[in-house]
1. Provide, as a two-decimal number, the C-alpha radius of gyration of segment 26-98 over 2.2 N^0.38 Å, N being how many residues it has.
2. About the Cα centre of segment 120-240, what is the dipole size in debye to 20, counting +1 per Lys and Arg Cβ and -1 per Asp and Glu Cβ, all else neutral?
3. Under the rule of -39500 (n - 2.57) per DSSP H run of 4 or more residues, summed and divided by the residues of the chain, what mean residue ellipticity at 222 nm is obtained, to the nearest 500 deg cm²/dmol?
4. With label points built 7 Å along Cα→Cβ from the Cα atoms of residue 123 and residue 196, find their separation and express it in nm.
5. Hey, got the dipole for segment 9-146? About the Cα centre, +1 on K and R Cβ, -1 on D and E Cβ, debye to the nearest 20?
6. Multiply the residue gap between residue 71 and residue 164 by 0.36 nm, knock off their C-alpha separation, and tell me the result in nm, one decimal place.
7. For the pair residue 42 and residue 105, how long in nm is the line joining their label points, each one 7 Å along Cα→Cβ?
8. Which net charge results when you count Lys and Arg as +1 and Asp and Glu as -1 among the other residues whose beta-carbon is under 10 Å from that of residue 119?
Amino acid sequence: MAGHSKWNNIKNRKGAQDAKRGQVFQKMSKEIFVAAKSGGPDPEMNPGLRLAIEKAKSVNVPNDIIKRAIDKSSGSGSEENYDDVIYEGYGPGGVAVLVFCLTENRNRTASNIRLAFSKNGGNLGESGSVGYMFDRKGRLFIERTSDTDEDTVMMAALEAGAEDIQSTDEGFEIVTSPVDFLQVKESLEAEGIEFISAEIEMIPTMYTEISEDNEEKFEKMIDMLEEDDDVQDVYHNAGE
């Protein structure tokens, strides 16, 4: 939202995830199951599964839940099927919103997503209506501490193949291509560098400022979307 830094957004999101840990674990388990079913259970041979596992670990999903999801993909639960569906639309004030879902019931999901938009002053759009405003990129955030060596972070990221690095008082934002994301992440981890967030995301190429009048409705809409069991990720271009 306008006036909110991306660093605060990350911390707020992590806090919200901690508050509804069970639902987050369920969503991550579903994502791992789908990745393992489509590309095989070995993360070394299945980059999609490897990414899903990394994402799950970043929100502290226990190893036994990760293992159960992988085992299920080739065991008794393997007959389950989920469709990967993306909804595009506008929130209040014209903010572009992308909603990524995994669902076994498209009608239910479409109805719930449409309600979240319409109830809060937004509206669903056609496929492609807002997707062009986002780029799929790897994004890693490193918080600055008294032990942080800026030169080490910069050099390690560049040598590993990062596309862009931004340094602020709060820390470092590193952007990669999706293909190079894991290589950059693992290279930095080998240097002992830790992340407060490291994911492949849809990054806005343009931002829309949201007025104070619309901010509460927008926050309610995002909350309503993220609380839906079929929704995996929500991205928007509300101005930072």
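The values are calculated or read from the model by the stated rules, or taken from the named source; none is laboratory data. Just so it is clear, the model here is predicted, and its values are computed rather than measured. All Cβ positions, even for glycine, are placed from backbone atoms using ideal geometry, and neighbour counts span all protein chains on display. Side chains included, ligands, DNA and RNA excluded: accessible areas come from the protein's heavy atoms. Shrake-Rupley method; radii C 1.70, N 1.55, O 1.52, S 1.80 Å.
1. 1.30
2. 460
3. Value at 222 nm, helices only: -14000 deg cm²/dmol.
4. Each label point is offset 7 Å from its Cα along the Cβ direction, giving 3.8 nm.
5. 580
6. Roughly 29.7 nm would be gained on extension.
7. Here the modelled spin labels are 3.8 nm apart.
8. Value of the local net charge: +3.
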